[in-house]
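Inspection log for the structure reproduced underneath, given as structure tokens.
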Amino acid sequence: MLRTSQPRTRLTPLLALCLVLFWFAPLGAQASGDVAVVVHPDVPVDTLTLADLRRLLLGDREFWPGSLRVTLLIRAPIAHERDVVLKSVCEMSEAQFRQHWIAKVFRAETALAPKIAYSTEMAIDLVNRIPGAITFIDAPQVGRGLKVVKIDGLLPGQRGYALH
């Protein structure tokens with residue numbers, strides 16, 4: 001007598017866990033994909049509009065209120081933070097952003113070109129040491145003591161936040 005086995009329809013605990021993680025992963029990924037705008041503690045600004053942030057990134061605004069010079073610290077071209085900022089704020093490709101700054105420096109339209117931060121740790125260290133500095137950090141890596149600026153009245157993780 002030949003017996004055929006019926007396929008099991010019960011989910012194993014491991015498969016169930018994988019399905020739960022797959023289902024809810026996009027919810028956590030959105031918040032962790034946000035990029036925080038961080039400034040030196042002495043910068044007299046708590047909120048910026050997206051348009052103001054774009055002017056800072058493109059070198060069209062060189063001073064904070066109170067005549068404090070802006071020092072733009074931007075991550076290296078391979079960094080997630082840089083990609084988010086270029087796409088969400090500048091609406092430029094890497095090549096367009098680079099060409100914009102080369103032309104701006106060549107025409108002597110700015111005193112300072114952006115400084116490159118090669119790691120999150122370097123960006124945090126420099127933004128805390130250079131008066132007037134502004135940088136961009138993955139929101140989950142923002143620690144205590146860092147001054148995070150609101151963009152259009154919103155902080156990273158809030159619904160409608162632009163930098164993600």
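The values are calculated or read from the model by the stated rules, or taken from the named source; none is laboratory data. Bear in mind the structure is a predicted one, so any value in this text is a computation, not a measurement. With ideal geometry, Cβ positions are generated from the backbone for all residues, glycine too; neighbour counts draw on all protein chains shown. All accessible areas refer to the heavy atoms of the entire protein, side chains included, with ligands and DNA or RNA removed. Shrake-Rupley method; radii C 1.70, N 1.55, O 1.52, S 1.80 Å.
Out of curiosity, is Ala139 touching a Pro at 6+ places or on another chain (Cβ under 9 Å) and of a type in the set (Gly, Ala, Ser)? Against the criterion (touching a Pro at 6+ places or on another chain (Cβ under 9 Å) and of a type in the set (Gly, Ala, Ser)), Ala139 qualifies.
One line per residue, one yes/no per condition, for (1) closer than 17 Å to Leu56 by Cβ; (2) surrounded by fewer than 16 Cβ atoms within 10 Å (Cβ to Cβ); (3) among the basic types (Lys, Arg):
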position	(1), (2), (3)
Arg82	yes, no, yes
Glu109	yes, yes, no
Asp125	no, yes, no
Ala133	yes, no, no
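In segment 125-139, the residues that are on the phi > 0 side of the Ramachandran plot reach residues that are hydrophobic (A, V, I, L, M, F, W, C) and open to solvent by 10 Å² or more (accessible area, probe 1.4 Å) with C-beta atoms within less than 6 angstrom, at least six apart or across chains, in these pairs: Gly132/Leu68; Gly132/Val70.
Is segment 91-108 home to any residue that is outside any helix (DSSP H, G or I), under 13 Å from the mean Cα position of the chain (by Cα) and hydrophobic (A, V, I, L, M, F, W, C)?
Checking segment 91-108: not a single residue is outside any helix (DSSP H, G or I), under 13 Å from the mean Cα position of the chain (by Cα) and hydrophobic (A, V, I, L, M, F, W, C).
How about segment 135-164: which of its residues are among the polar types (S, T, N, Q), in contact with a helix residue (DSSP H, G or I) (Cβ under 8 Å, 6 or more places away or on another chain) and open to solvent by 80 Å² or more (accessible area, probe 1.4 Å)? Across segment 135-164, the qualifying residue is only Gln141.
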